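**Student:** Before anything else, here's the structure in question.
Values in this text are rule-based calculations from the coordinates and carry no lab data. Model, not experiment: these values are computed from the prediction.
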């Protein structure tokens, strides 16, 4: 399974993904149909898009970490899902492209 499909599955299982258009525009910073097209063509992340997603995931994770104190368990699930995606994409970038660290 591609890193992109694994990412979508993690976010859907945690119920934090509003839809393919949301992922395409917010996470990947691409046009609204980007994710649907990538899945249809069975493609994976390129470097730029993986970095965009990683940066957005870290931003959302920080937001939910702040909310954990107030909201509790729901926010913890969101943080955990975004941590999984962070680790997955970071490992992909390092293994495939030799990129060891992405700064905010």
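**Student:** Tell me the Kirkwood radius of the chain: reciprocal of the mean inverse pair distance over distinct alpha-carbon atoms, in Å. Let's see the in-between values first.
**Tutor:** Details: mean 1/r = 0.0721 Å⁻¹.
Answer for the chain: a Kirkwood hydrodynamic radius of 13.9 Å.
**Student:** Given Cα pairs under 8 Å that are at least 6 residues apart, what percent is the relative contact order of the chain?
**Tutor:** Dividing the mean separation by the residue count of the chain yields 28 percent.
**Student:** Additional query: Please give the helix 47-71 orientation as an angle from the longest Cα principal axis of the chain, in degrees from 0 to 90, rounded to the nearest 10.
**Tutor:** 10 degrees
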